[in-house]
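To keep things clear, I will list the structure first and then write my remarks on it.
Throughout, read-outs are computed from the coordinates displayed, never taken from laboratory work. Quantities reported herein were computed from a predicted structural model and do not represent experimental measurements. Virtual Cβ from ideal backbone geometry, glycine too; neighbours counted across all protein chains shown.
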Amino acid sequence: MTLNDDSFTDWKNREEIAESMIPMIGKLHRERDVTVLLHSRSLVNKSVVSILKTHRFARQIAGEELSVTETLPFLEALTTLDLGPAQIDIGILAESHRADDRGLSVLDFTAEAVAGATGANKIDRREPRDVVLYGFGRIGRLVARLLIEKSGSGNGLRLRAIVVRGGGSRAADDLVKRASLLRRDSVHGQFQGTITVDEANNRIIANGNEITVIYADDPSEIDYTAYGIDNAILIDNTGKWRDREGLSQHLRPGVDKVVLTAPGKGDVPNIVHGVNHDTIKPEEQILSCASCTTNAIVPPLKAMNDEYGVLRGHVETVHSFTNDQNLLDNYHKADRRGRSAPLNMVITETGAASAVAKALPELQAPITGSSIRVPVPDVSIAILSLRLGRETDREEVLEYLRGVSLTSPLRRQIDFTTAPDAVSMDFIGSRHASIIDAGATKVDGDNAILYLWYDNEFGYSCQVVRVVQHVSGVEYPTYPATSV
C-alpha cells in the first residue's frame, strides 16, 4: 500500500468515526439539553466534514492535531452518564485526561470532570426566557438567527417578537420582505432552516418558532403582555437611545430587562462577555454590550495584562463599512462618513479605546485609539500596540495566547489562527469576539503588536447572545470547570 493509500484509509476511518458521533451528539442535545463542544466550538448539527475540520483546527498547545479517535471515547462515556443540562467540552476532557497521571479510565475521569452535571447534582431544565428584538437590521437579524438556531437546546431563550417601525403606514408586503431579509443574506448566506410567513397574524415562523412582528414607532405604544410575552429581555438594536433615561422607555408591561447592542452612555454598564459579565447585578435592568471593536480588543487586553502587565497601548482599527455611511457621496452629520463607503478608505473615530476602562477597570494603562473604514462589507481588524510590564519574545507570547484560546475562560472570546495566507473573508461567520493572527504578531522586548481579526457583525452578535443568556438566568454551566 502506498503512502497515499494509507492517508486515504486514515481519512475514511476518521470519517466513519465522525459519522458515528453525530447521533450521539444529537441525542445528548435533544434529550438532555447537553451541548457538546470541542474547544468552545459547538458540534451540534455539524456535518461529518465539519466535525473533522473542527478537530483539525483545535490543536493542542504543542501543535499536535486532536483526532476524533481521542475524543470519541469521551463522547461515548457521556452517553452512559445521568446528565442534566450543560455544555461539555470533549476537547478539554481529552487533553485533561492525557495530562492526568492518576491512571483513571476514560469513564471514571469523565464522570469526575462533569460531576456537577450528573445524578443528584444535575439541574432541571428551565423554562425558556422570552426575548424581544427592537429593530431588525444587520445585528437584529443575526441575533434572530442565533436565537432560532439555539431554541430548545439549553440556550434557555425563546424569540417571541420583533418590533419594527411602521405603525400605521407599512407597505402591504412589508412582512414578506422582512422575512426574505432573514432568509437570505449577501454576507452570511442562507438561513439554515425553513421560514414561512403568516400574514394574517403578523408572524414569521422560522424552524417552528412563531415570532410576532409588532409595528410601532415608539416604545410607549406597546404592551407586550397583549402578545403573551412576560418577563422578557428586550434587545435594542437601533442605537437610538443609549442612556438610562432613553432605554428605560422599553420597560413596558412584559419587559423586565433591556440590552443595548451599542456602547452605553452615562451609568449604563458596558459588558463584554468573558471579561466582566459576572459583575452584572441581578437587579440591573439596563445594560449595554458595548461595541464590536470593544469586544474584539478587551479580551486580548485582559489576557495580556494578566500575564505580562500592560503599561500603555494604542489600537488602530481597520473596519468594514456600515449602514450609517453613504453608498455614494451625500450629506452626513459626521465629517467624512458622507463620502462613498464602497469607494473610499475613510478616517473616523472609535470610542472603543475609551470604553476599555468601563469593561476592564483593573487595567490602569492609558489606551488610545483611531479607526479607518475600508471598502469591505464585513470583518475588521484591530491592530493592538502594547507596552508590556516585562520583556518577552514572540514565541512565548504566541504559546501563551494559543493556550488562552484553547483552554482558558476566554476561549469563547479569543480564537487563534496560524494560517499564513489568512485574509478578512476567511473570518466571516466566526463566533469569537476576536481572532489572533499568529503570523502577523510582532514582539520586541517589552513591545508587542497583536493583529486581531473580528467579524464585526456575527462575532459581535454571538457576544450579545452570551450576555443575554447570562442575564436571563437560564444559562447552563460548562464542563470541565477547570482547564488543562
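Can you compute the charge dipole magnitude of segment 292-458 about its Cα centre, using +1 on each Lys and Arg Cβ and -1 on each Asp and Glu Cβ, nothing else charged? Give it in debye, rounded to the nearest 20.
Using only the charged Cβ atoms, the result is roughly 500 debye.
Would you kindly state how much longer the chain becomes between residue 334 and residue 440 on full extension, computed as 0.36 nm times their sequence separation minus their alpha carbon distance, in nm to one decimal?
Between residue 334 and residue 440, full extension yields an extra 34.9 nm.
Net charge within 14 Å of residue 339 by Cβ-Cβ distance, Lys/Arg positive one each and Asp/Glu negative one each, not counting residue 339 itself? Please list the in-between numbers first.
Details: positive: 333, 336, 337, 373; negative: 324, 329, 335.
Once all neighbours under 14 Å are counted, the net charge is +1.
What share of the DSSP beta bridges in segment 110-232 is antiparallel, in percent to the nearest 5?
Just about 50 percent of them are antiparallel.
On a C-alpha basis, how far is the centre of segment 304-365 from the centre of segment 80-144 in Å? Whole number, if you could?
Taking the Cα centre of each part, segment 304-365 and segment 80-144 sit 35 Å apart.
So what's the net charge close to residue 383: Lys and Arg +1, Asp and Glu -1, counting the other residues with Cβ under 11 Å from its Cβ?
Taking every other residue near residue 383 into account, the sum is -1.
List 308, 224, 454 from most exposed to least, where exposure is judged by having the fewest other Cβ atoms within 10 Å.
Ascending Cβ contact count within 10 Å gives the list 308, 224, 454.
Antiparallel as a % of all DSSP beta bridges within segment 292-458, to the nearest 5?
Looking only at bridges with both residues in segment 292-458, the antiparallel portion is about 70 percent.
If neighbour count is taken as other Cβ atoms inside 10 Å, put 464, 443, 298 in order from fewest to most. Intermediate values should be presented prior to the final figure.
Working: 464 24, 443 19, 298 28.
Listing 464, 443, 298 from fewest to most nearby Cβ atoms yields 443, 464, 298.
Going by a ≥ b ≥ c, the root eigenvalues of the Cα gyration tensor, does segment 422-468 fall in the rounded group (a/c under 1.5), the prolate group (a/b larger than b/c) or the oblate group? All intermediate terms of the calculation are to be shown ahead of the outcome.
Details: a/c = 4.53, a/b = 1.85, b/c = 2.45.
Note, shape of segment 422-468 comes out oblate.
In segment 268-303, whose amide N lies under 14 Å from the spot 7 Å out along Cα-to-Cβ of residue 244? List them in ranges.
Correct set: 268-270, 281, 283-288.
In deg cm²/dmol and to the nearest 500, what is the mean residue ellipticity at 222 nm of the chain if only DSSP H runs of at least 4 residues count, each as -39500 (n - 2.57), divided by the residue total?
The helix-only estimate for the chain comes to -10000 deg cm²/dmol at 222 nm.
Given segment 292-458, what whole percent of its Cα pairs are spread farther than 21 Å?
Percent of Cα pairs beyond 21 Å in segment 292-458: 46.
Antiparallel DSSP bridges in the chain: what percent, to the nearest 5?
50
Within the set 150/240; 12/53; 46/150, which residue pairs have Cα atoms separated by over 20 Å?
On the way: 150/240 28 Å; 12/53 14 Å; 46/150 13 Å.
Those over the limit are 150/240.
Sum up the charges of everything whose Cβ sits under 15 Å from the Cβ of residue 199, counting Lys and Arg as +1 and Asp and Glu as -1, but leave residue 199 out.
Combined, the nearby Lys, Arg, Asp and Glu give 0.
Measuring from the lowest to the highest alpha carbon on each principal axis, how far does the chain reach, largest first, in angstroms?
Dimensions of the chain along the principal axes of its Cα atoms: 70, 54, 48 Å.
Using amide H atoms built 1.01 Å from N in the peptide plane, name the residues 5+ places from residue 235, or on other chains, whose amide H lies under 5 Å from its own.
Residues meeting the criterion, in which the H sits 1.01 Å from N, are 132, 133, 134, 259.
Using every alpha carbon pair in segment 129-262, what percent of pairs falls into each 10 Å bin from 0 up to the bin containing the largest distance?
12, 46, 35, 6
Exposure proxy check: 27, 265 ranked by fewest other beta carbons within 10 Å? Each step should come with its number before you reach the end.
Details: 27 12, 265 17.
The fewest-first ordering by Cβ neighbours comes to 27, 265.
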